[in-house]
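The structure appears below as structure tokens.
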Amino acid sequence: MNSIYTIKEALLKLEHFCAYQERCHGEVVSKLYSLKMTADEIDTIVVQLIEHNFLNETRFACSFARGKHRMKSWGKIRITNELKARQISSTNITLALKEISIEEYESTFENLAERCWDSIPEKNILKKRKKFCDYLLRRGYESHFVYDKAKELEQK
């Protein structure tokens, strides 16, 4: 037995880890590997965390989507890609994106776009437009929103 912790100790440690903030399965498994747990022990602990509702992929996805949209103003594309990178199922990703109301999404996009456009000091309108579009696309907003908004702001 090469683990530093017993299953009971590791389970307790991971319960605190999951209670502190929502976690995805990948984060929990890598934390357990860092605690030098064996694959069988990891499986046992993950099952227990799920049974006791410390680990819930749907809850994680919804909380992640809400938080990244509200705090970091990420768009749906970026949120989707980040959740996919964490091996979250497409069903859970769809549910998570429903957590963001259309009104809230559009209002966040409008505010971010206005702020971004006003903050770019570029005189050349083509360069300004490129910087504006690149920024919002990187943030994960849909291209048709971004390009329509760029046209609208150029007219001002």
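A few comments on the model shown:
- Failed condition for GLU122, given (1) within 24 Å of GLU22 (Cα to Cα); (2) without any contact (Cβ under 8 Å) to a residue 12 or more places away in the chain: (1)
- Region 28-59 - residue that is surrounded by fewer than 17 Cβ atoms within 10 Å (Cβ to Cβ) and under 16 Å from the mean Cα position of the chain (by Cα) and, of those, nearest to SER90 (Cα to Cα): THR58
- Residues being among the hydroxyl-bearing types (Ser, Thr, Tyr) and not in a helix (DSSP H, G or I) - total across region 1-54: 4
- Of the criteria (1) touching a Lys or Arg at 6+ places or on another chain (Cβ under 6 Å); (2) over 21 Å from GLU57 (Cβ atoms); (3) touching a residue at least 12 places away in the same chain (Cβ under 8 Å), which one SER73 fails: (1)
- Taking the conditions (1) surrounded by 16 or more Cβ atoms within 10 Å (Cβ to Cβ); (2) out of contact with any Cys (no Cβ under 7 Å at 6 or more places or on another chain); (3) not assigned by TED's automatic domain parsing to the domain that holds ASN92; (4) not hydroxyl-bearing (Ser, Thr, Tyr) in turn, CYS62 satisfies each one other than (3).
- Meets criteria (touching a helix residue (DSSP H, G or I) at 6+ places or on another chain (Cβ under 7 Å), surrounded by 11 or more Cβ atoms within 10 Å (Cβ to Cβ), of a type in the set (Lys, Arg) and at negative phi) for LYS149: yes
- Sole exception among (1) surrounded by 16 or more Cβ atoms within 10 Å (Cβ to Cβ); (2) among the acidic types (Asp, Glu); (3) farther than 16 Å from PHE60 by Cβ for GLU15, by number: (3)
- Complete set of residues in region 127-146 that are of a type in the set (D, E, K, R), under 26 Å from the mean Cα position of the chain (by Cα) and either modelled with pLDDT under 95 or buried (at least 18 other Cβ atoms within 10 Å of the Cβ) (or both): ARG139
The values are calculated or read from the model by the stated rules, or taken from the named source; none is laboratory data. Bear in mind the structure is a predicted one, so any value in this text is a computation, not a measurement. Using ideal geometry, Cβ is built from the backbone for each residue, glycine included, and neighbour counts are taken over all protein chains shown.
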